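Participant: Please see the structure below; I have some questions.
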Amino acid sequence: MVVTVACTAVTPTIAPNRDFIAAHGEKLLRYCGVSVVNVLLGQGLLALCLVVVGLGGVVSQVIAASVSAIPAYLLSRRWVWKQRGPDSFRSEVLPFWTMALIGLVFAVSAIAVVERFTDSTPVLMATSLAAYGVVWIAKYVVLDKIMWHTPAAAGADDSST
């Protein structure tokens, strides 16, 4: 018995990954850095509101998200995407806050569900973190491709990091 096996060329995945890293590597690292700052600030505020102030999970999440969105916007605009000049309320601030609101609605919804079963601070904080993690990738794409789209070469030529 003879078995014939059809062979097709396998497209190497290394080259596209190199292209992606060349175009987005430094920017993604800066975006991750802003996310670390935002997570530490947001989770710290969430814990403060839950434990010290004694607020409920939903109110605590709203406060934490509202406060932490301010440095997230400023760092994203100026450090990650290297935008200079005056802020545009309509084309930058409003869309950024809309995305923050989408993340907040998702996190608050998740916390409201979890809070029916437990008021454990670590569980509520993990719920918040997981909810924002889902939104994180979509937010990068929107910021990079729509709101602050810059040619890949522009980031490589900027030595003011």
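The values are calculated or read from the model by the stated rules, or taken from the named source; none is laboratory data. Predicted model, so just to flag it, every value in this text is computed and none were measured. Neighbour counts are summed over all protein chains in view; Cβ atoms, including those assigned to glycine, are modelled from backbone coordinates with ideal geometry.
Participant: Which is exposed (fewer than 13 other Cβ atoms within 10 Å of the Cβ) and either over 24 Å from Glu26 (Cβ atoms) or among the hydrophobic types (A, V, I, L, M, F, W, C) (or both), of Leu75, Leu101, Leu94?
Facilitator: Exactly one of Leu75, Leu101, Leu94 is exposed (fewer than 13 other Cβ atoms within 10 Å of the Cβ) and either over 24 Å from Glu26 (Cβ atoms) or among the hydrophobic types (A, V, I, L, M, F, W, C) (or both), namely Leu94.
Participant: Any residue at all in the stretch 130-138 that is farther than 18 Å from Thr98 by Cα and modelled with pLDDT of 90 or more?
Facilitator: Within the stretch 130-138, one or more residues are farther than 18 Å from Thr98 by Cα and modelled with pLDDT of 90 or more.
Participant: Please go through the stretch 75-96 and pick out each residue that is among the small types (Gly, Ala, Ser) and either assigned to a helix (DSSP H, G or I) or in contact (Cβ under 8 Å) with a residue 12 or more places away in the chain (or both).
Facilitator: Listed by number, the residues that qualify are Ser76, Ser91.
Yes or no, residue by residue, for (1) more than 17 Å from Asn38 (Cβ to Cβ); (2) at pLDDT 85 or above:
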position	(1), (2)
Ser76	no, yes
Ala100	no, yes
Ser109	yes, yes
Ile146	yes, no
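Participant: Still on this structure, please answer the following. For the stretch 6-29, does any single residue satisfy the condition of being at pLDDT below 90 and crowded, with 17+ Cβ neighbours inside 10 Å?
Facilitator: yes
Participant: Taking the stretch 63-74 as the search range and keeping residues that are touching a residue at least 12 places away in the same chain (Cβ under 8 Å) and among the aliphatic types (A, V, I, L, M), which one is nearest to Cys32 (Cα to Cα)?
Facilitator: Ala72
Participant: For the stretch 42-62, indicate whether the set of residues that are touching a residue at least 40 places away in the same chain (Cβ under 8 Å) and not in a helix (DSSP H, G or I) is non-empty.
Facilitator: yes
Participant: Follow-up question, since we're still on this one. Applying the selection to the stretch 97-123, what residues are outside any loop (DSSP other than H, G, I, E, B) and over 19 Å from the mean Cα position of the chain (by Cα)?
Facilitator: Across the stretch 97-123, the qualifying residues are Ala112, Val113, Val114, Glu115, Thr121, Pro122, Val123.
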